[in-house]
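Read the figures in this text as sums done on the coordinates, not as results from a lab. As the structure is a prediction and not an experimental result, all values here were calculated from the model. Positions of Cβ are generated from backbone atoms using ideal geometry, with glycine treated the same way; all protein chains shown enter the neighbour counts.
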Amino acid sequence: MGRVVNSLVSELTPTQCFVAGAGPEMAARRRVAAWWLSRLTLSEFRCYAGAKVEADARPLVLTGPNGAGKTNLLEAVSFLAPGRGLRRARLGEIDRAPPGSSAAAAGRAWAVSARVMTPDGPRELGTGRDPAPGNGADGAGRERRVVKIDGAFARGQQALGEVVSMVWLTPQMDGLFREAASGRRRFLDRLVYGFDPSHAGRVGAYEQVLRQRARLLKDGSGDGAWLSSLEDSMAGYGVAIAAARRTLLVRLAAACAAGVGPFPRAGLGLAGEVEAWLDTCSALEAEERLRAELFRSRARDAQSGGAAIGPHRSDLIVKDLENGLTAELCSTGEQKALLISIVLAHARLLTLDRGAAPFLLLDEIAAHLDEDRRAALFAELLALGAQAWLTGTDAEVFAALREQAQFFEVRDATVRRAA
């Protein structure tokens with residue numbers, strides 16, 4: 001795995017790169033225009049044949065029974081950012097299939113559109129599965145996602161990250177600290193996207209080149225020139241990815257060390273060879289070193305698949321600064337509290353940096369918090385001025401937000417404002 005770099009960089013003092021809490025500067029930020037979604041429209045998305053939600057800038061609370069479609073709404077919003085959405089589903093899996101038929105047979109392809117209010121004015125975003133022949137959900141051809149911004153096709157998903165920033169927490173992430181490092185890398189990369197939208201493109205390009213190199217090595221084609229070209233691209237993208245992660249981590253660790261009320265203070269670190277090199281050498285020197293290591297590991301990588309070294313093998317290390325335990329040794333409840341603490345610290349940091357809080361998609365999060373932490377979560381969301389989307393089965397859990405949020409009831413794939 002490589003050694004831990006930045007040695008849980010939370011030892012930086014908060015004042016080095018973060019102004020914490022809802023003080024005068026944060027209050028001033030709340031008075032400027034922020035990101036918020038004024039209209040969301042779905043078509044053939046999961047359980048929704050069609051749906052439209054119109055909202056103002058306040059947090060949204062979506063309540064209703066399990067299976068009603070609350071998480072599907074959050075997933076739809078998540079596709080307004082780069083990536084595979086909060087469920088990481090294949091594009092064809094999202095198409096709505098009427099009873100007794102398949103989405104592919106019905107010729108339906110899902111779509112999501114929205115009007116997003118930004119500090120620079122309203123923007124129109126749209127995305128969905130490309131319905132063209134060969135891009136269907138039946139597996140014929142490679143699935144492709146299309147993106148439109150202000151009525152024009154964008155070259156890729158990265159363009160969405162230049163308009164909005166978004167982070168989410170779902171019940172499926174409760175095991176983030178106990179499971180494979182890949183989930184923690186994705187979580188960290190999504191935090192990076194908020195500050196560096198081009199990071200999404202670099203990660204996608206690196207993963208594509210990594211797969212191409214693995215196929216060449218497995219086939220044993222012996223095309224040395226092409227392998228060298230792929231390894232050159234991996235070195236460039238890989239070091240840029242590692243550097244972007246490190247840059248954010250230094251700032252985010254200090255923000256986390258400041259703490260959020262009763263939530264635990266999180267210490268953050270990165271474990272990985274490439275990140276460790278950047279502690280002692282320049283980016284160009286790290287690229288040369290990674291290129292050389294990839295060349296030397298060709299025979300081993302041909303046997304194992306993938307690559308033995310690179311940012312795809314790095315890991316996010318999280319520690320509870322209150323009890324000194326690493327996150328995987330903490331209780332399930334404290335692990336969830338650590339995740340919330342990190343997301344809130346990131347949101348505060350982004351609000352100060354870009355003048356607007358990111359969209360926060362918080363699925364079934366409040367019911368499992370004690371009263372003090374629930375109150376602290378709501379207070380922080382309001383202090384940020386974030387349009388957070390929160391789901392739950394019991395509206396009373398959100399009673400403290402009754403006058404400061406907008407409530408919707410979701411039942412049988414129908415969304416309506418609560419009375």
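Please give the Cα centre distance for region 359-419 versus region 292-315, rounded to the nearest Å.
45
Over the chain, what is the percentage of antiparallel beta bridges among all DSSP beta bridges, to the nearest 5?
Restricted to the chain, the bridges split so that about 75 percent are antiparallel.
Report the Cα-based extents of region 185-331 along its three principal axes, largest first, to the nearest Å.
58, 29, 26
Compare the Cα positions of Leu360, Gly220, Leu278 along the charge dipole of the chain (+1 at Cβ of Lys, Arg; -1 at Cβ of Asp, Glu; about the Cα centre) and return the one farthest towards the positive end.
The one lying farthest along the dipole's positive direction is Gly220.
Treat every Asp and Glu Cβ in region 229-318 as -1 and every Lys and Arg Cβ as +1, leave all other atoms uncharged, and give the resulting dipole magnitude about the Cα centre to the nearest 20 debye.
Using Cβ point charges on Lys, Arg, Asp and Glu, region 229-318 gives about 280 debye.
Let me check against my output: what whole-number percent is the relative contact order of the chain, with C-alpha pairs under 8 Å and at least 6 apart?
Worked out over the chain, it gives 28 percent.
Placing +1 at every Lys and Arg Cβ and -1 at every Asp and Glu Cβ, with all other atoms neutral, what dipole size does region 274-324 have around its Cα centre, in debye to the nearest 20?
Charge dipole, region 274-324, about its Cα centre: 400 debye, nearest 20.
Cut-off 10 angstrom, C-alpha nodes, Gaussian network model of the chain. Which of Leu230, Leu62, Leu125 fluctuates the most?
Leu230
Starting from the 7 Å offset along Cα-to-Cβ, what nm value, one decimal, do you get for the label separation of Ala399 and Arg178?
The modelled label-to-label distance comes out at 3.2 nm.
Are there any helices in the chain, counted as whole DSSP H runs, that stretch 15 Å or more along their axis by Cα and score at least -0.5 on average by Kyte-Doolittle, and if so which? Can you show the working numbers first?
Values: long enough: 181-193 (18 Å, -0.58); 198-219 (32 Å, -0.76); 224-258 (51 Å, 0.83); 283-296 (20 Å, -0.56); 332-354 (33 Å, 0.53); 371-384 (20 Å, 0.41).
Sorted by number, the helices that extend far enough and score high enough are 224-258, 332-354, 371-384.
Could you give the size of the charge dipole of the chain about its Cα centre, using +1 on the Cβ of each K and R and -1 on the Cβ of each D and E, expressed in debye and rounded to the nearest 20? If you can, show how the numbers build up before the last one.
Details: 53 positive and 49 negative charges, 160 e Å.
That gives a dipole near 760 debye.
Normalise the Debye intensity by I(0) for the chain, one equal point scatterer per Cα, no solvent, then take log10 at q = 0.08 Å⁻¹ and round to two decimals.
Debye intensities relative to I(0), on a log10 scale: -0.46.
Would you be so kind as to identify which of Ala243, Phe263, Leu230 lies farthest towards the positive end of the dipole of region 216-321, taking Lys and Arg as +1 and Asp and Glu as -1 on Cβ and the Cα centre as origin?
Phe263
Order the peptides 52-59, 398-405, 166-173, 250-257 from the highest to the lowest mean number of other Cβ atoms within 10 Å of their residues.
250-257, 166-173, 52-59, 398-405
Between Ala379 and Glu93, what is the label-point separation in nm under the 7 Å Cα-to-beta-carbon projection?
4.0
For the ranges 108-118, 206-216, what's the packing order if you count other beta-carbon atoms within 10 Å of each residue, average per peptide, and put the highest first?
Averaged packing, sorted descending, gives the order 108-118, 206-216.
If I model a spin label at Arg416 and Arg123 as a point 7 Å from the Cα along the Cα→Cβ vector, what separation in nanometres do I get?
Calculated label separation equals 3.4 nm.
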